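Following: one structure in structure tokens, then a few remarks.
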Amino acid sequence: MHKDFSIIEKRLNILANSTNLISILTADGIRKYVNKTFCDYFEKTEDELIGSSIFYGYSDNQK
Amino acid sequence: MKIKTQDESVKVTINIGRNNKNKLIEWTITRICDDNQNLIELVAIGKDISELNVIKTQKEEINTLLNAHVEAIDSNIICSITDENGVITYANNKFCEVSKYDLNELVGNTHNIINSGFHSKDFFTNMWKNISNGKVWEGEIKNKTKDGNYYWVETVIIPIKDTNSKINRFLSLRILKTQIKEMEEEILRLLKSHEDMLFMISHEIRRPITSIMGVLNIFNEKEFEDTESKLMLNYLMESIQELDFHSRKMTKYIYEHKKVNKFSSTTTH
């Protein structure tokens, strides 16, 4: 099954397994991708985070 | 559509409240644009640097404390650091001030540069044996300045180990001791002259006194016809007895004085 991974899937796999907090945002600040480290760190599920805006996110302090 | 990544990255640090703790995250944000420079998306890569920040704060505190210590040391103590071979890598201002050497003359040299030649080879061999075995060495060393003057220092040499417990540096701290040492040397000189005097009195003066007394005693047994000679002989007898008494007293005094003094000219240093 792993052999069938496309290059893009493999790249996503690298992002998913990174110990860094990784998110990809649309130009207007909506999260369209978050990795597992990101979810674990902010104690949220992937579903809760994807589609949410960074301006109404995890923190009141965020500027 | 061709997407290209722009080179510019932004580093942002933000504070968030998590588990009632302020966390510091460093974000590297990369803008991804199309051929017409329209922003398509942003990739944000974050890293929790809270602990790094705590370490940084601690490091700053330690540095402040260390600087205060170094400042205190620099004003009074002659300090130098060498590598594992004894080559000087650091010397403080006090070292330069006392030794009359510039820092760049000292760095790269060993402490041989200030060797006065006073101490035996064994003295330094023993010192090296101690410190290369990781022991702290303490002692008094006579050093020589660039212009040929001598100075005594009370020295402590501390071996410093690297993370693998291997000695890679030696820290030397010294206090100038010349004045105390000069006084000690002066005392020793005085004591030596006391002993010389003791020797002179007990041998060189006492011996002729004894000879004179012996001869006078022989004369004293003879009958003199003229009273003048008799009187002169009595006068000589009295004088020599007085000389005998005082020279004995002096010998005794110096001998007792020497005993109570903690120094002795036989002490080597």
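Within the range B:78-119, the set of residues being in a strand (DSSP E or B) and of a type in the set (Asp, Glu) comprises just one member, B:Asp83.
Condition first: basic (Lys, Arg) and out of contact with any helix residue (DSSP H, G or I) (no Cβ under 9 Å at 6 or more places or on another chain). Now tell me which residues in the range B:68-110 satisfy that.
B:Lys100
Looking only at residues of the range A:47-56 that are within 20 Å of B:Asp48 (Cα to Cα) and more than 9 Å from chain B (Cβ to nearest Cβ), we find that the one that is modelled with the lowest pLDDT is A:Phe55. Residues that are surrounded by 13 or more Cβ atoms within 10 Å (Cβ to Cβ) and closer than 21 Å to B:Val107 by Cα within the range B:138-148 comprise B:Ile141, B:Lys142, B:Asn143, B:Lys144, B:Thr145, B:Lys146, listed in sequence order.
Taking the criterion of being among the aliphatic types (A, V, I, L, M) and either in contact with a Cys (Cβ under 6 Å, 6 or more places away or on another chain) or assigned to a strand (DSSP E or B) (or both), the residues of the range B:134-163 that qualify are B:Ile141, B:Val153, B:Val156, B:Ile157, B:Ile158, B:Ile160.
With the condition kept exactly as written, say whether any residue in the range B:114-129 is under 14 Å from B:Leu176 (Cβ atoms) and without any contact (Cβ under 8 Å) to a residue 12 or more places away in the chain. No: zero hits.
Could you pull out the residue among B:Ile167, B:Ile141, B:Ile180 that is among the aliphatic types (A, V, I, L, M) and at pLDDT below 90?
None of the others qualify; the one that does is B:Ile180.
Looking across the range B:33-46, the residues that are part of a strand (DSSP E or B), surrounded by fewer than 16 Cβ atoms within 10 Å (Cβ to Cβ) and either modelled with pLDDT under 80 or at the interface with chain A (Cβ under 9 Å from one of its Cβ atoms) (or both) come down to B:Leu39, B:Ile40.
So is B:Ile187 surrounded by 12 or more Cβ atoms within 10 Å (Cβ to Cβ) and under 24 Å from B:Cys96 (Cα atoms) or not? In short, no. Restricting attention to the range B:162-183 and to residues that are under 16 Å from B:Gly86 (Cβ atoms) and basic (Lys, Arg), the residue that is surrounded by the most Cβ atoms within 10 Å (Cβ to Cβ) turns out to be B:Arg174. For the range B:84-113, the set of residues classified as exposed (fewer than 14 other Cβ atoms within 10 Å of the Cβ) and in contact (Cβ under 8 Å) with a residue 60 or more places away in the chain consists of B:Thr89 only. When each of B:Ser80, B:Ser75 is tested for being farther than 30 Å from A:Lys32 by Cβ, of a type in the set (Ser, Thr, Tyr) and surrounded by 15 or more Cβ atoms within 10 Å (Cβ to Cβ), the lone residue that passes is B:Ser80.
Could you grab me the full set of residues in the range B:33-51 that are without any contact (Cβ under 8 Å) to a residue 12 or more places away in the chain and within 48 Å of the chain's Cα centre (by Cα)?
B:Glu51
The set of residues from the range A:30-46 being more than 10 Å from every other protein chain (Cβ to nearest Cβ) and either under 8 Å from the mean Cα position of the chain (by Cα) or closer than 19 Å to B:Leu24 by Cα (or both) comprises A:Lys36, A:Cys39, A:Asp40, A:Lys44, A:Glu46. Restricting the first member to the range B:220-231 and to residues that are without any contact (Cβ under 8 Å) to a residue 60 or more places away in the chain, and the second to residues that are not in a loop (DSSP other than H, G, I, E, B), the beta-carbon pairs closer than 8 Å and six or more apart or on different chains are B:Asn220/B:Leu233; B:Asn220/B:Met237; B:Phe224/B:Lys230; B:Phe224/B:Leu233.
The rows are residues; the columns are (1) assigned to a strand (DSSP E or B); (2) touching a strand residue (DSSP E or B) at 6+ places or on another chain (Cβ under 9 Å); (3) on the phi < 0 side of the Ramachandran plot.
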site: A:Glu9; (1), (2), (3): no, no, yes
site: A:Leu15; (1), (2), (3): no, yes, yes
site: A:Ile22; (1), (2), (3): yes, yes, yes
site: A:Leu25; (1), (2), (3): yes, yes, yes
site: A:Asp28; (1), (2), (3): no, yes, yes
site: A:Phe38; (1), (2), (3): no, yes, yes
site: A:Lys44; (1), (2), (3): no, yes, yes
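Of all the criteria given as (1) in contact with a Lys or Arg (Cβ under 9 Å, 6 or more places away or on another chain); (2) acidic (Asp, Glu); (3) not in a helix (DSSP H, G or I), the one not satisfied by B:Glu195 is (3).
Just one of the listed residues (A:Lys3, A:Lys63) is within 9 Å of another protein chain (Cβ to nearest Cβ) and at pLDDT below 85, and it is A:Lys63.
The values are calculated or read from the model by the stated rules, or taken from the named source; none is laboratory data. This one's a predicted model, so the numbers in the text were calculated from it and none came from an experiment. For neighbour counting, all protein chains shown are included, and Cβ atoms are generated from backbone atoms with ideal geometry for every residue, glycine included.
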